[in-house]
Amino acid sequence: GKLKILDGGDLIDSCSFSRNTARGRDKSFVKYTLEVDRNARYRNRPVALEERSYYGQVNHFVVLSLPSTCPFIQANPTHAAERPSSVIMAAIAPIKQPSVNELGMSSYTALEPIKIVDVSTIKCVVGRVKDRNTWTIIER
């Protein structure tokens, strides 16, 4: 499917929906951010979250309807009108082992297995340029 980022943001196509033209345009590659525990390797240290940016290809968008009996909704003290009735998730194949070139741009040669992330973490669509067997991410 397609997803539009609010407030004048980008239009994202999932790769299952995208029809690449002869010019090779692809609006399925995105930049997204996740909170990662810096101390994940150390089980006795407290959780220390930091925001990190990632790049990947959106394969699908999934809308999950939340029933009114959902524990998340029941535990949320907000008014009934403000409670979410659905959540939109994206199935993203992150780029595998990105490297940074001399210009500070991320490059990669392969994608990792799909991960499911909340679409609110998607920041923008990114472009790509292929040079031999390496793809380089282009941001506006």
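The values are calculated or read from the model by the stated rules, or taken from the named source; none is laboratory data. This structure is a prediction, so every number in the text was calculated from the model and none was measured. Please note: Cβ atoms are built from the backbone with ideal geometry, for glycine as well, and neighbour counts cover all protein chains shown. Protein only, heavy atoms only, side chains kept; ligands, DNA and RNA dropped before computing areas. Shrake-Rupley method; radii C 1.70, N 1.55, O 1.52, S 1.80 Å.
With all protein chains in place and ligands, DNA and RNA left out, the 1.4 Å accessible area ranks 35, 112 as 35, 112, largest first. For residue 129 and residue 34, what does the FRET efficiency come to when R0 = 25 Å and r is the distance between their Cβ atoms, rounded to the nearest 0.05? Approximately 0.50, to the nearest 0.05.
For 106, 85, write out the residues from largest to smallest accessible area, computed with a 1.4 angstrom probe and no ligands counted.
85, 106
Within a Cβ distance under 14 Å of residue 54, other residues only, what is the Lys/Arg minus Asp/Glu net charge? Cβ neighbours under 14 Å give a net charge of -1. Within the shell of other residues whose beta carbon sits under 12 angstrom from the beta carbon of residue 35, the net charge comes to -2, with Lys and Arg scored +1 and Asp and Glu -1.
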